[in-house]
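Here is the structure we will look at, set down as structure tokens.
The values are calculated or read from the model by the stated rules, or taken from the named source; none is laboratory data. From a predicted model like this one, the values you see are computed outputs, not experimental measurements. Backbone-built Cβ (ideal geometry, glycine too); neighbour counts: all protein chains shown. All accessible areas refer to the heavy atoms of the entire protein, side chains included, with ligands and DNA or RNA removed. Shrake-Rupley method; radii C 1.70, N 1.55, O 1.52, S 1.80 Å.
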Amino acid sequence: MSANLTFIIVFIAFVMFLFIASFISKNWVRETDDYVLAGRQISTILNIFGVIAIGFAGTTIALSPGLSVLYGFKGSMLWGLIYSFCGLALFGLLYSDFIRRCGAQTLPEFLEMRFGSKTRSVVAVTSVIGMCGIMANNIVSSVNNICAYTSWNSAIVTAVIFAIIIAFTYISGMWAISMTDFVQVILGMVVVPMVLFLTIEKYGWWNEIASKWPTPDIIETGYVGAIPMGGLTYPSILNFVILFAAALVWGNNYYWMKIANCRSESVAKKSFVWSAVLLSIIFILPLSLLGLYAGAFHGDKITLGGGTVAPTGAYGLIASTLPAIFGSLAIIGAVAASVSTSATSALGASAVMTRDIYMRIINPNADNSNRLKASKIILVIVGIVTFALCQFPGGPTYLFAFANCWLVPPAILVGLGMVWKKFNSVGAFWGALFGMSSMAVLEILDLIGTFHIGEHIYLATFGFIITFIIAVIASLFGKPAYFGDDKWERIPNENNRQDIDLESTDIQVLQLLRLGHKYMADITDYLGLDSKVTNDSIERLDKGGYLVREGLNLSKLYTFEITEKGKSFLNPLNSVEEMMSMEGLCPLYLELLKAVSTSAKAQNEFIRDNKIRSMQMAAISSHLTRNNYIIEKGAFQRILEITEKGIDAVNKYNNI
């Protein structure tokens, strides 16, 4: 059997799995929030595999072995560790509490909460372009791997891969991606170490590699020398931090969504840290070693050694030397990685367009059915735009640079917005606009050959610096949000608050706060509103002294407690209701606890009979979990289990 026929058989089996998983998870999608965020039901293990699946992407398969060829083992591993730990692990540790508690489903949605609609609109459009660029980069990388192995026509392969990604994501959104991520990572965990093992068997170990290496020091140097540490031009360790941590992770909407879709901030933290560890050990280390084998034993086939294969094609080069079945599996593993990241990028772009453009500007009054339908139509539009970007001249390298033009400024805005209470809408808007537009112009000038910014400073590094400087300076000329004013006092008293006319939404918020819901995410999810609406309500209640924030930055800004004034404004509770409220319960929640103690069928009937939306259920479940009444289990969908405290509560109020 020929290598190409073997590849076709393996490829068809892979595609069949994608669509089977999509149709299974389709039954879990009832509304837009299920489609985009899986109803905030993603577990630790599922998110670990989801984050690894993004990391184990076409870019990683190209860069990790390629950097070994160019700069030796140290250069490749430093790149991988920077992405894994400065990017993923640090993002999880520093941002999880903030993102999961603020309630914003997308990064641009948070920017409106913090800086206003003008900044949200600018970043929403540019974030979509950036994520489409990353999707196109991964598709092109996947196509290059397939064509290098099979010698097929790249245009046809691009169309096929593109259609597969859009089709299986269209069916059930985040659930389809999460399920396929799970299996794709398992496939990668088998394939990549297998390729390394077969390569070691064929060529030997470290001494054999070192004896064939073109420089005396295989760790420190490669075909072009040692990796620079602090240089402004690419590559350097400094640029790796800015590009692969700040831009690619911290400013990227689909990593934001990977935290927002988790059951809790604890799940998000653990999943990102474990993802960094496992990605480094299982994928980056073997891929770096495979690059050494390509450079040592096939140097004559690499462009720097007089051949035709670029250093970024080192993985495919090694795969082509293996028996057909193993070579096919090696390429399918690479394709699976690219498909996973491409699908996540597509859904991330679709989520921004749906929530930040369609639901705000085009059809604010759309019901759940229309929102879900719009999400799927927008996904197809995103696909068409991405297909056009796949024709972008310059290949994956230019596509990746193009994509990150649009992701550096959001990273600055989110970071400053988290920690600096005086950072304001003026700084955010002008920092984002100036940073994005200047990088776009420089990218075009570089593409047409007029001016090559990369000869002086890497584009993403330039964008990082200029966005930060403009954002900080412009903020000095703007007025901060009310809580950033030096005269504002966090703790309310009789003399430091205003007379506020409360609206119906404000009353609903106070009722949730009285029950013990303390995070913005709980309030937004329970009420089913855009974060901008709930944020405006919180600001009115804060200015009126009806609630108090836990702090004025980080996640404390979005953590609240009702004041005595807030309680006095609400209708009084009877003695039993008051007792329940003090324990974080109400009749509806007690009904759920009874259902959980009975059976899964009873839980489903509770949701159906009370018409509980998926995000409302997420808010209720998170609240009861934090209060130790239930435990959230289940690798895929959320499975609730009542605790001893929950059983005691049911028995207590059954007898009253």
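Brief remarks follow.
- Inter-label distance, nm, simple model (7 Å from Cα along the C-beta direction), Gln637/Glu564: 4.7 nm
- Per-residue SASA remark: Ser121, around 40 Å² accessible (1.4 Å probe; ligands, DNA and RNA not included).
- Tilt relative to the chain, helix 265-278 - C-alpha long axis, 0 to 90 degrees, to 10: 10 degrees
- Ile444 - accessible surface, heavy atoms, 1.4 Å probe, Å² rounded to 10: 100 Å²
- On the basis of the beta-carbon distance and an R0 of 22 Å, Asp300 and Ala324 show a calculated FRET efficiency of 0.40.
- Sorted largest first by accessible area at a 1.4 angstrom probe radius, with every protein chain in place, the residues Trp205, Trp488 fall in the order Trp205, Trp488.
- Using only side-chain charges placed at the Cβ, +1 for Lys and Arg and -1 for Asp and Glu, the dipole size of the chain relative to its Cα centre rounds to 380 debye.
- Karplus-derived 3J(HN,Hα) values for the range 411-427, using 6.51 cos²θ - 1.76 cosθ + 1.60 with θ = phi - 60°, are 4, 5, 5, 5, x, 5, x, 6, 9, 10, 5, 8, 5, 10, 5, 5, x Hz; glycine and proline are entered as x.
- Theoretical gain in end-to-end length, His452 to Asn495 [0.36 nm per residue, Cα-Cα removed]: 9.5 nm
- For Ser275, Ser211, the ranking by accessible surface with the largest value first comes to Ser211, Ser275, using a 1.4 Å probe.
- Taking Cβ atoms as reference points and 14 Å as the exclusive limit, the residues near Lys202 contribute a net charge of -1, counting Lys and Arg as +1 and Asp and Glu as -1.
- Using a simple spin-label model with pseudo-atoms 7 Å out from Cα toward Cβ, Glu539 and Ser2 lie 6.5 nm apart.
- Long-range amide H partners of Ala310 with built H, under 5 Å: Thr303
- Heavy-atom SASA rank of Glu443, Glu591 (probe 1.4 Å, accessible area, largest first): Glu591, Glu443
- Here the chain exposes an accessible surface that is 62 percent carbon and sulfur, computed with a 1.4 Å probe and the other protein chains kept in place.
- Cα-projected label distance for Lys373 with Val190, points at 7 Å along beta-carbon direction, nm: 4.2 nm
- Accessible surface computed residue by residue for the chain, with neighbouring protein chains in place and a 1.4 Å probe, gives 37 Å² per residue.
- The calculated FRET efficiency for Val441 paired with Leu552, based on their beta-carbon distance and R0 = 35 Å, is about 0.40.
- Cα-based helix-to-principal-axis angle, 368-389 vs the chain, degrees rounded to 10: 20 degrees
- Three principal axis extents of the chain based on alpha-carbon atoms, in descending order, are 83, 59, 44 Å.
- Neighbourhood net charge (11 Å Cβ-Cβ; Lys/Arg +1, Asp/Glu -1) for Tyr95: +2
- For the range 605-656: relative contact order, % (alpha-carbon pairs under 8 angstrom, 6 or more apart): 21 percent
- Whole-Hz ³J(HN,Hα) from phi, Karplus 6.51 cos²θ - 1.76 cosθ + 1.60, for the range 600-609, glycine and proline x: 5, 4, 5, 4, 4, 5, 4, 4, 5, 5
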